[in-house]
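Have a look at the structure below before the remarks.
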Amino acid sequence: MTSSLRFSTLGTLKLPTQFTFLICGMISIILGILYVPLPFSFRLEKRLGKVFQLLPWRIAPPLIVFIVLIWAGAGRQIDVIGMLAQSLRLATPIGLGALAGILCERSGVINVAIEGMMLTAACTGFVAALYTQSIWLGLIIAVLSGGLTAALHAVLSIRFLVNQIISGMVLNILAIGITGFIRKAFIVDSPLPAPPVFPAWQIPVLSDLPLIGQVFFRNQPMEYALLILVPILHVLIFHTRWGLRTRAVGEHPQAADTLGVSVFKIRYINVIIAGLIAGLGGAWFSLETVGNFDDMMTEGKGFIALAAMIFGKWNPGGAFGGALLFGFADALQIKLQISGVQVPYQFLSMIPYLVTMIVLAGLIGRATPPAAEGVPFVKH
Amino acid sequence: MRGITKRFPGVVANDHVDFRLEKGEIHALLGENGSGKTTLMNILYGLYRPDEGQIFLNGTEVHLTSPKDAIAHGIGMVHQHFMLVPVMTVTENIILGNEVTRGGLFLDLKQAADRIRKLSEQYHLEVDPQALIQDLPVGIRQRVEILKALYRQSNGESKPKSSIWADILILDEPTAVLTPEESESLFRTLTSLAQQGKSIIFITHKLREVFHVANRITVLRNGRVVGTTTPMETTETQLATMMVGREVILTVEKNPLEFREEVSDRKPVLHVQDLQVVDDRGSVAVKGVSLDIYPGEILGIAGVQGNGQTELVEALTGLRKAIAGSIHINGIDMTHIIHSGYSGPRKIMEQGVAHIPEDRHTYGMVDSYPLTDNLVLNIYYQKPFARGIVRNQAAIEEHATRLVTEFDIRTPSIFIKAGNLSGGNQQKMVVAREFSRPIILLIAAQPTRGLDVGSIEFIHKQILQKRDQGCAVLLVSVDLDEILSLSDRIAVMYRGHILATVDAKEASREVLGLWMAGIK
Amino acid sequence: MVPIFREILIPILAVFTALILGAVLIEISGVSFIEAYRGLFEGMFGSRRALIETCVAATPYLLTGLAVAIGFQGGLFNIGAEGQFYMGALASVIVGYTVQGLPAWLHLPLALVVGAISGAVWGSIPGLLKARLGAHEVINTIMMNYIALKLVDYLVKNVFRDPAASMDRTPYILPTAQLPRMFGPDYRLHAGFLLALAAVVFTHWLLFKTTLGFEIRTVGANPGAARYAGMNVAGNIVLAMAMAGAMAGLAGVGEVLGLNHTLPAAFSAGYGFDAIAVALLAKSNPMGIIPSAFLWGGLRNGAGLMQVRTGISIDLISVIQALVIMFIAANQIVRWIYRIN
């Protein structure tokens, strides 16, 4: 049997399925052997340094993705570009949520309320867009309401020293209640027509590039926001004064405090900015994808975002990778549903959640959260 | 500082304290734990605000509402618990809050590192600016802390200084974590800093150091100033009396070791052979330790913190898996238990081993539990405290009532949450629980760290009493004085090895100090 | 006496404040809040039927609330009550209609036990992942809610579907597996209510009077101290999650064996999040679960009448509930509003 991978501009790649599996298997075995702590591989590792140590970690996810694609494509055609573009699209709310989580947790505040912030933003953004008939105003309201919800989380956990996980869950519950209430009161019976969703923007020149152009430069605004925010946050966290202070506050707030850095100020601002970013993620649901608001439409993406954040070891780039992985899992299950694989759709739609659990279980121990995470700072 | 008063719920930490620091002097602030030294300095550093009183710098009154203010007036502080972020570099730690930037936004780590290099040359405080704090030994970390303060004071050159510039350096118990050797080097640094015009406040409760380095001494007790004097005018005994408020016996009365001659014929209670243990970060922290402890003797393990003592104790008590080696308790082979790392603590305890853990909040107690539950924390399942799985509340309360009197635990009720007790009483609670059952081996790690003199005396007496009853004792302490005054034999741990073992009678502070620094 | 008064004063004020804020929301949507609240309270306890219905509604809250409270006592945040509820319901309905020819005294307990075990197994998986690998239970329990939902959906629609029914649901359970009604066929209150109360008392006894409970609570309060005391930390984490899962599973069992006698495919009742609210209001104390579950059951039950009379959506209750637990969690806000020191 063969698998065909279609790259729209590059043409179609036909691969014999079993042969490809064989090759991939051999690569995996070779990689495995290299990392068995044999004397010679020890020397090899030392000589090649850190890059080599990280190699399997870098190679494994794409390899798995590739193998899965071949498997899924067995006997049919798979549109690789389409899958990748779809993965990026579905990774967007997860990635934005993960960035929000990183900002919070780097400053020492656990944020399990990303789900609630996105849900609130999706709802208020849509109501605003509906009543003003302006999708841009909707986006602004979505972002602001994400920030507002985050501000509440900040006040509860920083000012009132509420357990941060409890505070986050309270906000999630509050978000479900309020959005359900708003939907019944303002959306369900509204005679106004739902505004159209954000269109895709083609970036001139860049969108014509083969492969890259189609995956990265023919997207809707939130995807671009994610693609821009990842490097910005990376620079912000690791190369600026603000980032240094944020990291210090998240690791050792007393140390920062004794040097005159205001722990409270840093935490408040980080949490609120995180809320604004989560607001963008919320807008993805109602303003960019569905064009409507449904109860609990975020479907746990805010929690999967936390897993992506842990996957990325609290680094924006890594979290983006994690989001892409989960986005791919989602794209894959949709693809499989459409292509009529003989597996019930309920099981396919479990894939993103299962992948999240597996990733989480496999990663812990490698990933160390900021040391002061979850510990309220008390000043005398 | 004049008339400084600071109250915390339930305590007056500083009660109308007057304190005067002259330019270029090294002023020792002496007092036992809880006497208010640190509180007073935290006020000077702007971390606490005083309820009453005034602070004058160069004769002008200042209001220090945050460390920022203090730093702006040239006051630097090295805290007892290091204020360093372990996962960040030396440079990042030093510039935090006073960052060198390009365009006010982006960090310029290169320029900062250069500046730190220059500074460390100027003051002879060698350190690699690119190193991560977590990879540095404690002695170097303290250097980084001192550089942190100096960096801010020199950094003032470029910016307009505050009109009131004090050049004060405060060090809170700086020698607690150092070897005698390192302490010496620190004192030399301080003296040279004082000669360059810095005024230094040196907080300590160790009398000997005061005579070594200070120009003047102020003694605090219960939040009040007892007096200010100079090393010339006073003696150790006088200072000790000032500190504690009564005559203190500086050396512990100890009965001579019984059956000394027969020791070699007797079986050791604890026999450890080539023990290897890894730490949390996966590196081998205990590298083949062998030791024997006989009934009725105290083996003291001295050493600078972080040389494997913690891991050794955790392995011996079953809290941490050992990767190699064997251990026998009272002749019974317990090797499989310390290797499995599973249900170890209970099996070892049931052999008659008591453990006073080095950090009672991590292992020794549950803050939110009442005294009653804490006093049966590890024997809750035994008779009479439980019948089957049903707990016997009456027996638990009776047990608590008895121990509270027997061990002089000061508490309004046995139902008080243990977290609300003072540190001394918490530690007495732990000791009481461990001593309340028949034991043949006591493993005590830092049993008196951070306690008041009364509690220290009490706990020392209890430990010696156990020894006299024939219990074998393994005493681990970073406090060389404690080791010297209690031990019958002394072993020094350095980088995971036992460097040497010596009879306490033949041990000298100087030799032990060299061993602690790895010099043999 | 006085401290006990203090203990309950804050929750009462929290509920009161939340109701005031709820009133503001009602007025915003153009309805008189007096009218709405009259409907709400009459629906809660305005009549014998309303009161009994409140008990019916409180039953699953008692058990799912316990599921979260047991987790909290063991230092775990169990957000998975929803999934555990479904797995319990699913198992009991399968036993309830497939096992035939058993007398009621055997069939009913069997269905109860199998349901509880099913919930316990589902709950212990995130417990195991936490104990062995350190994976955070908050994310895992949520993921397992979604997985349970989809699993039940598949099984009910495909494997255990009643071919005779027009909607997607399982066949009805046999009479031998049904929990008896307490006030005759006219009232829906069933013996599951008594079972839930018994579970509360049992949990209280287990947590506070036995060595097992002492171990669970010690692991929750200070895992280091638990290890020092020779307790099996990993085992107790799994045990606590299994117990929690069993309670949530029983809640699902009660709904199936006592009320619906079948399991429909689309059956999302949102017990997972409500259970957190119930447990927080009770401060994770099993006995506190009783008033807390009654309040929740009452609000849910009364909201129906409120909606019928004024058109205010039931979701308002979720808002009020969220506000209640927000004020409970941050009780300084309440203290500040009412100037209690």
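Checked against (1) open to solvent by less than 10 Å² (accessible area, probe 1.4 Å); (2) modelled with pLDDT of 90 or more; (3) not aromatic (Phe, Trp, Tyr), residue A:144 passes all but a single condition, namely (1). Residues in segment B:347-386 that are open to solvent by 50 Å² or more (accessible area, probe 1.4 Å) and either under 12 Å from residue C:222 (Cα atoms) or within 7 Å of another protein chain (Cβ to nearest Cβ) (or both): B:361, B:362, B:367, B:368, B:381.
Residue under question is residue B:34, and the condition is that it be within 22 Å of the chain's Cα centre (by Cα), surrounded by fewer than 24 Cβ atoms within 10 Å (Cβ to Cβ) and in contact (Cβ under 8 Å) with a residue 60 or more places away in the chain; does it hold? Spell out the reasoning first.
Working: within 22 Å of the chain's Cα centre (by Cα): yes; surrounded by fewer than 24 Cβ atoms within 10 Å (Cβ to Cβ): yes; in contact (Cβ under 8 Å) with a residue 60 or more places away in the chain: yes.
It is true that residue B:34 is within 22 Å of the chain's Cα centre (by Cα), surrounded by fewer than 24 Cβ atoms within 10 Å (Cβ to Cβ) and in contact (Cβ under 8 Å) with a residue 60 or more places away in the chain.
Taken as a whole, segment B:84-92 holds no residue that is outside the structural domain of residue B:154 (by TED's automatic domain parsing) and open to solvent by 20 Å² or more (accessible area, probe 1.4 Å).
Would you say residue B:61 is more than 9 Å from every other protein chain (Cβ to nearest Cβ), surrounded by fewer than 23 Cβ atoms within 10 Å (Cβ to Cβ) and in contact with a strand residue (DSSP E or B) (Cβ under 9 Å, 6 or more places away or on another chain)? So residue B:61 fits the description; yes. Tell me whether segment B:383-395 contains one or more residues that are outside the structural domain of residue B:470 (by TED's automatic domain parsing), under 28 Å from the mean Cα position of the chain (by Cα) and assigned to a loop (DSSP other than H, G, I, E, B). No, there is no match, as no residue in segment B:383-395 is outside the structural domain of residue B:470 (by TED's automatic domain parsing), under 28 Å from the mean Cα position of the chain (by Cα) and assigned to a loop (DSSP other than H, G, I, E, B). If the condition is being more than 8 Å from every other protein chain (Cβ to nearest Cβ), open to solvent by 30 Å² or more (accessible area, probe 1.4 Å) and within 21 Å of residue A:111 (Cβ to Cβ), then segment C:123-174 contributes only C:130. Among the criteria (1) open to solvent by 10 Å² or more (accessible area, probe 1.4 Å); (2) part of a helix (DSSP H, G or I); (3) touching a helix residue (DSSP H, G or I) at 6+ places or on another chain (Cβ under 9 Å); (4) within 14 Å of chain C (Cβ to nearest Cβ), the one residue A:322 does not fulfil is (1). Among the conditions (1) within 14 Å of chain C (Cβ to nearest Cβ); (2) assigned to a strand (DSSP E or B); (3) on the phi > 0 side of the Ramachandran plot, residue B:318 misses just one, which is (2).
The single residue among B:7, B:115, B:49, B:102 that is more than 14 Å from every other protein chain (Cβ to nearest Cβ) and either at pLDDT 90 or above or open to solvent by 40 Å² or more (accessible area, probe 1.4 Å) (or both) turns out to be B:115.
So which residues in segment A:183-198 are open to solvent by 30 Å² or more (accessible area, probe 1.4 Å), in contact (Cβ under 8 Å) with a residue 24 or more places away in the chain, of a type in the set (A, V, I, L, M, F, W, C) and not in a loop (DSSP other than H, G, I, E, B)? Listed by number, the list holds a single entry, A:186.
What do you reckon, is residue A:265 part of a helix (DSSP H, G or I) and under 30 Å from residue C:31 (Cβ atoms)?
Values: part of a helix (DSSP H, G or I): yes; under 30 Å from residue C:31 (Cβ atoms): no.
When the stated conditions are applied, residue A:265 does not pass them.
Residue C:279 satisfies every condition listed in (1) within 15 Å of the chain's Cα centre (by Cα); (2) not in a helix (DSSP H, G or I) except (2). Regarding segment B:459-472, can at least one residue be identified that is under 27 Å from residue B:203 (Cα atoms) and in contact with a Lys or Arg (Cβ under 9 Å, 6 or more places away or on another chain)? The answer is yes; a qualifying residue exists.
Of all residues in segment A:267-307, those satisfying the criterion of being more than 11 Å from every other protein chain (Cβ to nearest Cβ), of a type in the set (A, V, I, L, M, F, W, C) and either buried (at least 24 other Cβ atoms within 10 Å of the Cβ) or on the phi > 0 side of the Ramachandran plot (or both) are A:271, A:274, A:277, A:278, A:280, A:283, A:284, A:285, A:287, A:293. From the residues in segment C:90-109 that are more than 26 Å from the chain's Cα centre (by Cα) and of a type in the set (S, T, N, Q), which one is least open to solvent (accessible area, probe 1.4 Å)? Among residues in segment C:90-109 that are more than 26 Å from the chain's Cα centre (by Cα) and of a type in the set (S, T, N, Q), the one least open to solvent (accessible area, probe 1.4 Å) is C:98.
When segment A:213-231 is filtered for residues that are more than 23 Å from residue A:99 (Cα to Cα) and either open to solvent by 30 Å² or more (accessible area, probe 1.4 Å) or at pLDDT 80 or above (or both), only A:214 remains.
How many of the residues in segment B:332-343 are touching a Gly at 6+ places or on another chain (Cβ under 8 Å) and either open to solvent by 60 Å² or more (accessible area, probe 1.4 Å) or facing chain C (nearest Cβ under 8 Å) (or both)? Step through it out loud before you land on a result.
Step one: of segment B:332-343, the residues touching a Gly at 6+ places or on another chain (Cβ under 8 Å) are B:335, B:337-338, B:341, B:343.
When the remaining residues are screened for being either open to solvent by 60 Å² or more (accessible area, probe 1.4 Å) or facing chain C (nearest Cβ under 8 Å) (or both), the result is B:343.
Total satisfying the criteria: 1.
On the stretch given as segment C:207-223, residues that are surrounded by 17 or more Cβ atoms within 10 Å (Cβ to Cβ) and in contact with a Gly (Cβ under 9 Å, 6 or more places away or on another chain) total 10. Answer yes or no: is there a residue in segment C:190-209 that is under 25 Å from residue C:82 (Cα atoms) and in a loop (DSSP other than H, G, I, E, B). For segment C:190-209, residues under 25 Å from residue C:82 (Cα atoms) and in a loop (DSSP other than H, G, I, E, B): present.
For segment B:124-140, the candidate set comprises residues that are at pLDDT 90 or above and not in a strand (DSSP E or B); within that set, the residue that is nearest to residue A:259 (Cα to Cα) is B:133. The one condition from (1) of a type in the set (A, V, I, L, M); (2) within 22 Å of residue B:310 (Cβ to Cβ); (3) assigned by TED's automatic domain parsing to the domain that holds residue B:410 that residue B:459 does not meet is (3).
The values are calculated or read from the model by the stated rules, or taken from the named source; none is laboratory data. Owing to the predicted nature of the structure, the values given are computational and were not obtained by experimental measurement. We place every Cβ from the backbone using ideal geometry, glycine too, and count neighbours over all the protein chains shown. Protein only, heavy atoms only, side chains kept; ligands, DNA and RNA dropped before computing areas. Shrake-Rupley method; radii C 1.70, N 1.55, O 1.52, S 1.80 Å.
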